[in-house]
1. Kindly write out, for segment 68-75 in residue order, the coupling ³J(HN,Hα) from the Karplus curve 6.51 cos²θ - 1.76 cosθ + 1.60 (θ = phi - 60°), rounded to whole Hz, with x marking Gly and Pro.
2. Per the helix-only calculation at 222 nm, which mean residue ellipticity applies to the chain, given -39500 (n - 2.57) for every DSSP H run of n ≥ 4 and division by its residues, nearest 500 deg cm²/dmol?
3. Which one, THR71, LEU15, MET25, is farthest towards the positive end of the dipole of the chain when Lys and Arg carry +1 and Asp and Glu -1 on their Cβ?
4. About the Cα centre of the chain, what is the dipole size in debye to 20, counting +1 per Lys and Arg Cβ and -1 per Asp and Glu Cβ, all else neutral?
5. Residue-wise, which Karplus ³J(HN,Hα) couplings in Hz belong to segment 47-61, taking 6.51 cos²θ - 1.76 cosθ + 1.60, θ = phi - 60°, and x for glycine or proline?
6. If you plug each phi of segment 10-23 into the Karplus form 6.51 cos²θ - 1.76 cosθ + 1.60 with θ = phi - 60°, what whole-Hz ³J(HN,Hα) values come out, in order, with x for Gly and Pro?
7. Give the value in nm², to one decimal: projected area of the alpha carbon convex hull of the chain, averaged over all directions.
8. Could you line up SER75, SER47, SER5 from fewest to most neighbouring Cβ atoms inside 10 Å?
Amino acid sequence: MSEFSIQTEVEVLELLVDESPCHVMDITNAVDGHPITIDQACAHLHSEGCIVPRGRGLYEITDAGEQRLETQQES
């Protein structure tokens, strides 16, 4: 995975720690990313169990997501 993708995922997780659940368009605006990039990052984070969809475009961080964020911030 590219560094840009990892950084985008970290930004998504950081936002969701503070504001969860959050709509994908709000995530896009907050991290200043392209909607497709954010959607792909959310799909990848969901497949890894880091976030879960809550319907209507809302995502919420999971315990696994918080642990991944802590690991990324330490490295």
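Derivation of every value follows stated rules applied to the coordinates shown; laboratory data play no part. As the structure is a prediction and not an experimental result, all values here were calculated from the model. No Cβ is skipped: glycine too gets one built from the backbone with ideal geometry, and neighbour counts run over all protein chains shown.
1. The phi angles translate into 5, 4, 4, 5, 5, 6, 6, 8 Hz.
2. Taken over the chain, the calculation gives -20500 deg cm²/dmol.
3. Positive-most Cα among the choices belongs to MET25.
4. Taking the Cα centre of the chain as origin, the dipole is about 340 debye.
5. Working through the residues one at a time gives 5, 8, x, 7, 9, 10, x, 10, x, 6, x, 8, 10, 10, 6 Hz.
6. 4, 4, 4, 4, 4, 5, 5, 5, 7, 9, 9, x, 9, 6
7. 4.4
8. Values: SER75 4, SER47 9, SER5 13.
Going from sparsest to densest Cβ surroundings: SER75, SER47, SER5.
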